[in-house]
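Undergrad: Got a structure for you, written out below as structure tokens; questions coming shortly.
Each reported figure results from applying straightforward, stated rules to the coordinates on display, with no laboratory input. What you see is a predicted model, and the numbers here were worked out from it, not measured in a lab. Heads up, the Cβs are rebuilt from the backbone with ideal geometry, glycines too, and the neighbour counts pull from every protein chain shown.
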Amino acid sequence: MKHTVTLALSFLLWASLALAQDASTPAAEVVVVDPNRLFAETLFGQTISQQLEAEAEILASKNREIEESLRAEERQLTEQRSNMSPENFRDTAEAFDQKVQAIRRERTELARELEDKRASAEARFLATAQGVLVELMNERGANILLDMRSIILRDNAVDITNAAVRKIDEAIGRGYPTDAPDIKD
């Protein structure tokens, strides 16, 4: 996820330099933005987060259902043990264990896919918000946009996060502009 955000911000930096830099104007002004706050505080980012949280809750609920079903099956197997031959019980227990392992792999994969989807959504969010960020850079006369998480010391005057949240909300609101990528992969 961190690499995707870094890649997206690198792209923003490259694109903004191409748009904002004039050969006769020295490049000196730097602004910073907090991508985590942009995602968390904009209506658009909140909408994406809510969609992803709903998917995570569905996954967690299904996991709880499966877990309860497996517990019941295990209890039933334990109760039947006294009526089974040792070989039959061993074979049945081994089949149950294989079933549990397969389900665990499947559920782990689904959780990983959801996390990948979150990372992709954050990168697409930044790509969609790129125009607003470039506009803010141009308004401030900036030639460089840095990720605040990489900055050790800074003057708060170079932080455009609050302005970016307002402008992204104005430009995008809760939904996607018609030309924005769909995050529902």
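Undergrad: Test of understanding: ordering L146, L38 by Cβ neighbours within 10 Å, fewest first, what list do you get?
TA: The order, fewest Cβ neighbours first, is L146, L38.
Undergrad: Using a Cα-Cα cut-off of under 18 Å, which aspartates and glutamates could be cross-linked to K117, ignoring same-chain neighbours fewer than 8 residues away?
TA: Once the sequence-local aspartates and glutamates are set aside, what remains near K117 is E53, E55, E57, E106, E109, D182, D185.
Undergrad: So for L145, L153, fewest C-beta neighbours within 10 Å to most, what's the order?
TA: L153, L145
Undergrad: With the cut-off at 1.5 for a/c, could you classify segment 42-180 from its C-alpha gyration tensor as rounded, prolate or oblate?
TA: Taking the square roots of the gyration eigenvalues as a ≥ b ≥ c, segment 42-180 is prolate.
Undergrad: Can you give me the long-range amide H partners of V32? Hydrogens built in the peptide plane at 1.01 Å from N, cutoff under 5 Å, separation of 5 or more residues or another chain.
TA: Answer set, sorted by chain and number: L146, D159, I160.
Undergrad: For segment 56-106, place one equal point scatterer on every Cα, skip the solvent, and apply the Debye formula. What is log10 of I(q)/I(0) at q = 0.15, 0.21, 0.24, 0.32 Å⁻¹?
TA: Scattering profile of segment 56-106, log10 relative to I(0): -0.47, -0.77, -0.90, -1.19.
Undergrad: Nearest 0.05, what FRET efficiency do L114 and A171 give at R0 = 30 Å with Cβ-Cβ as r?
TA: 0.60
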